[in-house]
1. Is there a residue being out of contact with any strand residue (DSSP E or B) (no Cβ under 7 Å at 6 or more places or on another chain) and of a type in the set (Gly, Ala, Ser) anywhere in segment 42-59?
2. What pairs come up if the first residue lies in segment 149-177 and is polar (S, T, N, Q), the second is part of a helix (DSSP H, G or I) and surrounded by fewer than 20 Cβ atoms within 10 Å (Cβ to Cβ), and their beta carbons are under 9 Å apart, counting only those six or more places apart or on different chains?
3. Name every residue in segment 51-102 that is open to solvent by 70 Å² or more (accessible area, probe 1.4 Å), more than 16 Å from the ligand (Cβ to nearest atom) and either in a loop (DSSP other than H, G, I, E, B) or of a type in the set (D, E, K, R) (or both), in order of residue number.
4. Working only within segment 22-50, note down all residues that are over 16 Å from Glu88 (Cβ atoms), touching a residue at least 24 places away in the same chain (Cβ under 8 Å) and within 16 Å of the ligand (Cβ to nearest atom).
5. Which pairs turn up if I take residues in segment 133-146 that are of a type in the set (S, T, N, Q) and look for partners that are within 6 Å of the ligand (Cβ to nearest atom) with beta carbon separation below 7 Å, at least 6 apart in sequence or on another chain?
Amino acid sequence: MKIRKIMVIGAGQMGSGIAQVCAQAGYDVILYDISEENIEKGMRNIEKNLVRQVEKQRMNEEGKEEVLAKVTPSAALQDASSVDLVIEAVVESMNVKRDIFARLDEITPDHTILASNTSSLPVTEIAAATDRPEKVIGMHFMNPVPVMKLVEIIRGLATSDEVYKKIEEVTKAIGKMPVEVNDFPGFVSNRILMPMINEAIYTLYEGIATKEAIDEVMKLGMNHPMGPIQLADFIGLDTCLSVMEILHEGFGDDKYRPCPLLRKYVKAGWVGKKAGRGFYTYD
Ligand code: NAI
């Protein structure tokens with residue numbers, strides 16, 4: 001069965017980007033969120049990105065309208081009854097994701113593949129909330145989705161080869177590079193990236209240097225395009241904290257203990273760029 005129609009669940013920074021790249025590749029997309037306000041924000045985000053592409057002459061006005069027409073906003077999960085693939089990108093919480101996957105298992109047709117954009121949660125455990133674990137898979141996009149090439153593809157314990165192949169095809173069709181990894185806390189990307197970010201926050205917490213100095217060291221000294229503190233803001237400090245907690249719980253090693261300063265910022269609601277304030281402030 002060919003994949004033609006995709007529902008993206010969660011219209012936040014990741015979900016809106018995923019909806020955009022799928023629509024740009026010609027798929028019909030439904031963008032669903034539990035919050036009507038976030039659906040509107042997600043749609044505006046897509047339009048803003050496309051306007052920028054028109055300004056840079058990478059796309060014409062007609063192309064922009066065509067892509068926008070391919071994305072249908074939705075506030076009804078029931079709309080998943082007509083799709084071939086679901087890509088879930090809601091908050092990084094096992095309970096929330098398992099609840100959504102169990103509901104999707106009832107709503108979607110038998111052939112529908114259920115993918116999660118989780119940054120670190122075990123895909124096998126999400127899959128166990130459904131009666132189709134062979135059709136559940138991890139599709140971990142990078143932020144910002146329209147720009148970043150990588151999609152880490154995570155096989156759950158029961159994911160079938162056929163489903164893996166289909167997801168690899170979709171990933172290539174939307175212009176991304178699939179890399180296959182096994183299902184283990186943090187996969188590859190966040191097992192390596194997040195402890196570095198957490199350590200950068202500890203370095204700030206212990207007063208070793210200012211946030212600007214830490215970011216400069218990693219940019220100028222290690223050739224990173226963005227410093228780790230700023231990157232944490234861009235990812236979302238709530239997401240960073242969730243990932244560290246999952247690594248800590250999954251491996252039980254103290255080296256994964258989330259920095260108290262990270263917890264403090266999340267408790268304050270200063271969760272990064274998306275909130276206008278994290279370690280830095282944003283317009
Ligand atoms: P976000 O906070 O920007 O968006 C999350 C969206 O999910 C919000 O619009 C919220 O209203 C919606 N939502 C919450 N509960 C829901 C429910 N029950 N049903 C439907 N929608 C619901 O978060 P972001 O950054 O887009 O992250 C989403 C997922 O993507 C997380 O699993 C995260 O770990 C993962 N991810 C994040 C990356 C990042 O750099 N921020 C990178 C790769 C993956």
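1. Step one: of segment 42-59, the residues out of contact with any strand residue (DSSP E or B) (no Cβ under 7 Å at 6 or more places or on another chain) are 44-45, 47-59.
Cutting the leftovers down to of a type in the set (Gly, Ala, Ser) gives us none.
Scanning segment 42-59 turns up no residue that is out of contact with any strand residue (DSSP E or B) (no Cβ under 7 Å at 6 or more places or on another chain) and of a type in the set (Gly, Ala, Ser).
2. Note: pairs meeting the criteria are Thr159/Thr124; Thr159/Glu134; Ser160/Glu134.
3. Listed by number, the residues that qualify are Arg52, Glu55, Lys56, Gln57, Arg58, Asn60, Glu61, Glu62, Glu65, Glu66.
4. Answer for segment 22-50, where residues must be over 16 Å from Glu88 (Cβ atoms), touching a residue at least 24 places away in the same chain (Cβ under 8 Å) and within 16 Å of the ligand (Cβ to nearest atom): Glu36, Glu40, Lys41, Met43, Asn45, Ile46, Asn49.
5. What qualifies is Asn143/Gln13; Asn143/Met14; Asn143/Ile235.
The values are calculated or read from the model by the stated rules, or taken from the named source; none is laboratory data. The shown structure was predicted, so the numbers you read here are calculated from the model rather than taken from an experiment. Note that each Cβ is placed from the backbone with ideal geometry, even for glycine, and that neighbours are counted across all protein chains shown. All accessible areas refer to the heavy atoms of the entire protein, side chains included, with ligands and DNA or RNA removed. Shrake-Rupley method; radii C 1.70, N 1.55, O 1.52, S 1.80 Å.
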